[in-house]
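The structure appears right after this line, and notes come after that.
FYI, it's all coordinate maths here, none of it is from the lab. On a predicted model such as this, the values are computed, not experimentally measured, just so you know. Methodologically, a virtual Cβ is constructed for each residue, glycine included, from the backbone with ideal geometry; neighbour enumeration extends over all protein chains shown.
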Amino acid sequence: MTGYDRILATIEGKPVDSLAYMPITMMFAADFVGVPFGEYATDYRTLVRGQIATAREFGFDHVTTMTDPAREAADHGADVCYFDDAPPAMNEANALLHDKSRLETLKPFDPLKPGSRTFDRVLAVQEYARQVKGEFFIEGWVEGPCAEAADLRGINTLMTDFIDDPDFIRRLFAFNVECALRFAEEQVKAGADEIGVGDAAASLVGPRYYRDFVFPYEKILVDGLHAMGARVRLHICGNIGRSLADVAKLGCDIVDIDSMVPMDRVRAEMPEQVACGNIDPVKVLRNGTPEMVREAVAACHRTAGKRFIVGAGCEVPRDTKYENLNAMLRYARSEHVA
């Protein structure tokens, strides 16, 4: 089976020749092809070259456009700091929506505008489709409603908005979902098999706020992506253990599970969900031995069962030892799942 076939069969509950393997690489991939991360994050040609080379060398089943959370915010006009060898980052002290009344005049960005950061991602998907369609699962990416709100408003201010101005939160989330769907549609047209949704800030709200505020807009986003014909991978860094039952109701095809969330709890709350993860990316994958990596992946697999994709709890650290990644691959390929 190709990586594309393996992931699709896993999602659809069909027989596969081995476990699917989908670790997230960004800085690791840039280092692997010897380019500074600033170039990798801002030039689709470098991104594509790095992802394909890394996927082929280490046996991944997918390639991704995930680089940093600032793309959409940058095209809204937010103040983004760029670095030679680190991810672009938001200047929270100068947040675009520091004055929240500005939301009323903010217009959706055009993901096909030449020179824009979102168009760069669309071009990456097009290039993947040209080079590896059907070989790897091609993953586009958008920010989730809570994560994008944090980028536009500032994470600390946003957290107080949940209490001080819940109506503003809902209007901002609705705007973010509208923009994400427009952006995703162009990626799907370009050839993305799946859209990843990064909503890390959602892990910082409690289960009641997640259910009342975040879930309804993530659900609109997920349903909209499915209506386009895309598969959906949800990535929420952090401890979402108290919101797992609600996350299960989103209907995502794949949910990434961070290392701080016990896999037995995942299976108790999300018995049918395809779960990706969730070995500790630092303590085990970066700092451990191949034997430790294999044991950790095996433990995840035993608990998760068939509806499981091999991966780390979050991004593979840039200085991870090659032999540790290869240990993950060997386990994935040695396990036949009927």
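Tell me, which residue of segment 189-203 that is in contact with a helix residue (DSSP H, G or I) (Cβ under 8 Å, 6 or more places away or on another chain) and part of a helix (DSSP H, G or I) is farthest from residue 90 (Cα to Cα)? Checked segment 189-203; the qualifying residue farthest from residue 90 (Cα to Cα) is 190. Looking across segment 53-106, just one residue is aromatic (Phe, Trp, Tyr) and farther than 17 Å from residue 318 by Cβ, and that is 82. Inside segment 155-192, residues that are touching a residue at least 60 places away in the same chain (Cβ under 8 Å) and of a type in the set (D, E, K, R) make up a count of 6. Under the condition of being among the aromatic types (Phe, Trp, Tyr) and free of Cβ contacts under 8 Å to residues at least 24 places away in the same chain, the residues counted in segment 10-36 number 0. Filtering segment 86-134 to residues that are within 21 Å of residue 176 (Cβ to Cβ) and among the charged types (D, E, K, R) leaves 92, 99, 100, 102, 104, 107, 110, 113, 117, 120, 121. The residue pairs whose first member lies in segment 204-217 and is assigned to a helix (DSSP H, G or I), whose second member is polar (S, T, N, Q), and whose beta carbons are closer than 9 Å, counting only pairs six or more residues apart or on different chains, are 207/243; 210/203; 210/243; 211/243; 214/243; 215/243; 217/176. Residues in segment 97-131 that are in contact with an Asp or Glu (Cβ under 7 Å, 6 or more places away or on another chain) and not in a helix (DSSP H, G or I) were compared, and the one that is farthest from residue 31 (Cα to Cα) is 108. Counting only helices (runs of 4 or more DSSP H) that sit wholly inside segment 1-82, those with at least 1 residues that are surrounded by fewer than 24 Cβ atoms within 10 Å (Cβ to Cβ) and of a type in the set (Val, Ile, Thr) are 3-12, 37-42, 44-58.
Scanning segment 135-148 for residues that are within 20 Å of residue 232 (Cβ to Cβ) and outside any helix (DSSP H, G or I) yields a total of 9. Within the option set 256, 280, 319, being surrounded by fewer than 22 Cβ atoms within 10 Å (Cβ to Cβ) and under 21 Å from residue 198 (Cα atoms) holds for one residue only, 280. One residue stands out in segment 268-303 among those that are without any contact (Cβ under 8 Å) to a residue 60 or more places away in the chain and in contact with a Gly (Cβ under 7 Å, 6 or more places away or on another chain): the one that is nearest to residue 10 (Cα to Cα), namely 277.
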